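Written below as structure tokens is the structure these notes are about.
Please treat every number below as a calculation from the coordinates, not as lab data. Predicted model only: the values in this text are computed from it and were never measured. Please note: Cβ atoms are built from the backbone with ideal geometry, for glycine as well, and neighbour counts cover all protein chains shown.
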């Protein structure tokens, strides 16, 4: 598993299988697999598929995307990448 560490405030730690931000207090926050944002409510503000986190905003977009639309195709590409 490749690991990249970037020193910043707060320190940013991202791994291939579990992207997350590590705060100064040692609290690990999720990063959305699609939009790469940290949700305000942390782990309670989205869902996981095979360890990959999707924020609630992307969840809403996924559930409202019309089959065949570019947004739907993007989600299917991301989700297939998680399983295969």
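Here is how the numbers come out for the structure above:
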read-out	value
Cβ-Cβ under 7 Å pairs, at least 6 apart or on other chains, region 56-71 side without any contact (Cβ under 8 Å) to a residue 12 or more places away in the chain, far side surrounded by 10 or more Cβ atoms within 10 Å (Cβ to Cβ) and outside any helix (DSSP H, G or I)	71/65
Residues that are out of contact with any helix residue (DSSP H, G or I) (no Cβ under 8 Å at 6 or more places or on another chain) and farther than 13 Å from residue 33 by Cβ, drawn from region 57-71	60, 63, 64, 67, 68, 69, 70
Matching residues in region 30-60 - criterion: being buried (at least 17 other Cβ atoms within 10 Å of the Cβ) and assigned to a strand (DSSP E or B)	30, 46, 52, 53, 54, 55
